[in-house]
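The values are calculated or read from the model by the stated rules, or taken from the named source; none is laboratory data. These numbers come from a predicted model, not from an experiment. Cβ placement follows ideal geometry from the backbone for every residue including glycine, while neighbour counts extend to all protein chains displayed. Quick note on the areas: whole protein, heavy atoms, side chains included, nothing else; ligands and nucleic acids left out. Shrake-Rupley method; radii C 1.70, N 1.55, O 1.52, S 1.80 Å.
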Amino acid sequence: MSLQHPFFDKMPITQLNSSTFDEALKNNVDKIVGIFFWGHSCPNCDVAKNILADEVETVKSLDFDWFHVNVYENFELSTRYGLHGIPTFLFFYQGKKLGKISPFPTMDAFMEALHKLQKSTFFANS
């Protein structure tokens, strides 16, 4: 499936699938990992991608490692993480799940949640 959306061109985000997912978590332990679960022809996913494409620099400023998974092509991961809707964002640190955001809220609420996550992870590791 083609990634024909400006978000994927603007954002440094790596596509994962069922066979690369665990390895990516294992290899990315120094930063918070954000994983965007989405699907093609998903209107709510397109809304999230449009908002995020307009705010790429804001999202990049968090210095997370970002990945994405097309759930329609990777049902196993949807089931594994009990996803009941998309878009869904899961966050991990040192391989441990920290939290989930679903559905996509406003950009302000999304960033507020990510800043809280970043602070709590920083203080837990200080």
Could you check how much of the accessible area of the chain is carbon and sulfur, as a whole percent, using a 1.4 Å probe? 51 percent
By per-residue mean of other Cβ atoms within 10 Å, what is the highest-first order of 13-19, 83-89? 83-89, 13-19
Label model pair residue 79, residue 63: point-to-point distance (7 angstrom along the Cα→beta-carbon line) in nm is 4.0 nm
Over the chain: helical MRE at 222 nm, DSSP H runs n ≥ 4 each giving -39500 (n - 2.57), nearest 500: -12000 deg cm²/dmol
Tell me the relative contact order for the chain as a rounded percent, counting alpha carbon contacts under 8 Å between residues six or more apart. 32 percent
Among (1) 13.7, 43; (2) 16.0, 53; (3) 15.6, 48, find the value of Rg and Dmax of the Cα atoms in Å that was calculated from the structure presented, and write down its label. (1)
Calculated FRET value between residue 107 and residue 29, using beta carbons and R₀ = 30 Å, to 0.05: 0.60
Please work out the average accessible area per residue across the chain, using the 1.4 Å probe convention, and give it in Å². 55 Å²
